Amino acid sequence: MSNLTQTPDILIAFDAEAIVAKGKGTSDSPLYAGNENIYMITRHGSVLSGNAGGELNVQVAVGDVIRWRSSTLSQNFDYDVLLYRFESTDSNHKLLSNPESMSGDINEPVPNTDNPLQPGKQDVTNYYWQATAKKIGSVTYNFFFMITDRSGNVYGYYRWDPFITINNKD
């Protein structure tokens, strides 16, 4: 690992069908989703414990930028999931900057049925949440999310609570 700042990307894959089957929380009272149907994935060098599970504990250095992206196991075909709020035990944001929802327009490759060796492209807006590690310590946080159908109709509101450990790893 270099001494340069890093940007660990965390992919959060939700088993939306299983989560919705548990019940439907409201925006005022989101249902705790548990960990068994959420799969958080990042590079091994950033993992303290729980890679590909719902209780991912990542390790980052001061100055590192953490990005969270979400998808469903159907890759948003039948269900979609939208992260809409972040709360942490670091309410004054001394350890981790206040996470922000970000977006950017990108060209995404897609299969080309006429010529499988030359991908096509489609314009998409990429959404993610981002925060910067500011001080050594550990943070437990809650992400709040909604599950929708492909038309944007909300099935329910949910939350769960992973961890971040900030240190000056070598």
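Odds and ends about this structure:
- Region 6-25, subset β-branched (Val, Ile, Thr) and closer than 17 Å to Asn126 by Cβ, residue surrounded by the most Cβ atoms within 10 Å (Cβ to Cβ): Ile12
- Inside region 1-23, residues that are more than 20 Å from the chain's Cα centre (by Cα) and acidic (Asp, Glu) make up a count of 0.
- Tally, over region 133-148, of residues that are modelled with pLDDT under 95 and either over 15 Å from Ile10 (Cα atoms) or crowded, with 17+ Cβ neighbours inside 10 Å (or both): 10
- Elements of type strands (runs of 3 or more DSSP E) contained in region 95-170, each with 1 or more residues being among the polar types (S, T, N, Q): 100-110, 120-132, 137-149, 163-166
- Going through (1) under 25 Å from Tyr157 (Cβ atoms); (2) not in a strand (DSSP E or B) one by one, Gly63 falls short only on (1).
- Identity of the residue in region 149-170, hydrophobic (A, V, I, L, M, F, W, C) and in contact (Cβ under 8 Å) with a residue 12 or more places away in the chain, that ends up surrounded by the most Cβ atoms within 10 Å (Cβ to Cβ): Ile164
- Within region 47-60, residues that are small (Gly, Ala, Ser) have Cβ atoms under 6 Å from residues that are surrounded by 18 or more Cβ atoms within 10 Å (Cβ to Cβ) in these pairs: Ser49/Asn57; Gly50/Leu56; Gly50/Asn57; Ala52/Tyr39; Gly54/Ile38, counting only partners at least 6 apart in sequence or on another chain.
The values are calculated or read from the model by the stated rules, or taken from the named source; none is laboratory data. As the structure is a prediction and not an experimental result, all values here were calculated from the model. Because the Cβ atoms are built from the backbone with ideal geometry, glycine has one as well, and the counts that use them run over all protein chains shown.
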